[in-house]
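Written below as structure tokens is the structure these notes are about.
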Amino acid sequence: MKNHVLGLLAGGLALAALSPVCGAQGAESALCQAPARTAAIIAKVPGFKSYDLDLYIGKRTINEGVVIRKSYIDNGKIIIPPEGLYYSSRLGSIGTMTGLDVVMLGKRQPVVNEQYEYIIVKNRKLKLGESLKLHEDGSRLLQFTASKGHPYGNAANSDTVRIMKASGNYYGTNFTVAISPTLKDFSSGKYNDGLGLPEGRYPLPADETGPLYHNTYFTSSTYPSGQSYFIAEKAGMDEISVKEFGTPSLTSIWLSAAPRISGAYAPGDHVMVGKAKVDVLAVSPTEVTLRLTEESGKTAEKTFKGMDDPAALDYLPSSAPDRAKWQLNSSDGKISVQLAMLKPGGAVQDGKVSLDMYRDIYEIRNPQEWPSDTRFLARPDT
């Protein structure tokens, strides 16, 4: 097991690093263990950088930091357990085609592309406080974090599960569900058109019952959130039955070791991307044609069609197949030319096409040994 982890951890993406191979032998791993609530926090560390970015889809702040967790003193020495030390570069969201960079040891590196898998688990039971491994190495967990009695003012209880990250922090969503004969389950679809009563004010007196008697206690046995969802079969105070749960998980991220090249180009223009050449052959409101010539002389042409289609942006930037429609890559994957489809006003304006171009691209898999120092393990994750 690697003792160090180099990683990104964020609301959107993450690249992480944990602790050294020569660390505490036999110590329990700190993977998915949160730093102590009483841990010292140093807000500003000399050399660490933070940048404010103005992206195509909004503003983001990127920064970096180092975390030490689950350390202790033994015989006058500070012991850091495996995965107890990690470097973190935090991102705000999916970065491909948005203009997002990450901070890597003080230097900004553009996000070029990402790849995901989708995890589905079914028919599992969790006791309160128990976790289900979503990754084989335990670097992502589904955890039954809380149950609450009488939250609705009747006998029913609610349950909450959350996704635990390798850093020991949770993702933001609380998947809260409840199942009880005393509650009306809105996930059944029965109440999509409302309660079937006319608009108005309905008294609820103590001396008589009416159409709302015992019928104003509402919940859901499902909880959707973005690209994730949770469906409960049973939800008790001490145990929850997971009927089905699904969530995406980042498997690879591609970064550029060189600054992004961005600009607007007319037909006949060309630009050098490292030792490769990009020629703009045609530009119209509906189509753009580009040619990429690699250093070896190998060429590739691509015509991007349907740029005026209102649905072209519907699943950007999260959908990999939709992103690929607007990308032209070299045969070795080291060069990428991308139409700035998410740029305000569109990629084509005033007869020119806006391009974002990258060179010296490299991949970080989740997880993998860090190429320049195999004591460290990289964990890009979302």
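Scanning the stretch 332-382 for residues that are of a type in the set (S, T, N, Q) and part of a strand (DSSP E or B) yields S336, Q338, Q349, S354, Q368. Would you be able to say whether some residue in the stretch 145-165 is farther than 29 Å from S220 by Cα and open to solvent by 40 Å² or more (accessible area, probe 1.4 Å)? Looking for residues that are farther than 29 Å from S220 by Cα and open to solvent by 40 Å² or more (accessible area, probe 1.4 Å), one finds none in the stretch 145-165, hence no. In the stretch 309-320, which residue that is within 19 Å of L100 (Cβ to Cβ) and in a helix (DSSP H, G or I) is least open to solvent (accessible area, probe 1.4 Å)? Ranking the qualifying residues of the stretch 309-320, first place goes to A320. Among the residues of the stretch 227-243, the ones that are of a type outside the set (A, V, I, L, M) and farther than 15 Å from I163 by Cβ come to 7 in all. Across the stretch 40-96, the number of residues qualifying as of a type in the set (A, V, I, L, M, F, W, C), within 18 Å of the chain's Cα centre (by Cα), in a loop (DSSP other than H, G, I, E, B) and surrounded by fewer than 19 Cβ atoms within 10 Å (Cβ to Cβ) comes to 1. Within the stretch 321-335, being crowded, with 16+ Cβ neighbours inside 10 Å and either within 17 Å of T299 (Cα to Cα) or small (G, A, S) (or both) holds for Q327, L328, N329, S330, K334, I335.
Of all residues in the stretch 168-210, those satisfying the criterion of being in a loop (DSSP other than H, G, I, E, B) and open to solvent by less than 50 Å² (accessible area, probe 1.4 Å) are G168, Y171, T173, A178, S180, L183, G189, Y191, G194, G210. Within the stretch 354-365, residues that are over 25 Å from S284 (Cβ atoms) have Cβ atoms under 6 Å from residues that are of a type in the set (F, W, Y) and assigned to a strand (DSSP E or B) in these pairs: I361/W254; E363/W254, counting only partners at least 6 apart in sequence or on another chain. The residues on offer are T299, T303, and the sole one that is more than 30 Å from A378 (Cβ to Cβ), of a type in the set (S, T, N, Q) and within 34 Å of the chain's Cα centre (by Cα) is T303. The strands (runs of 3 or more DSSP E) found entirely in the stretch 252-308 that carry 3 or more residues being among the small types (G, A, S) are 261-265.
Of the set (1) open to solvent by less than 70 Å² (accessible area, probe 1.4 Å); (2) part of a strand (DSSP E or B); (3) on the phi > 0 side of the Ramachandran plot; (4) not charged (D, E, K, R), all apply to N123 but (1).
The values are calculated or read from the model by the stated rules, or taken from the named source; none is laboratory data. In this text the structure is predicted, and so the values were computed from the model without any measurement. Quick reminder, even Gly has a Cβ in these numbers, built from the backbone with ideal geometry, and neighbours come from all protein chains shown. For the accessible areas, the whole protein counts, side chains as well, though only heavy atoms, and no ligand, DNA or RNA atoms are used. Shrake-Rupley method; radii C 1.70, N 1.55, O 1.52, S 1.80 Å.
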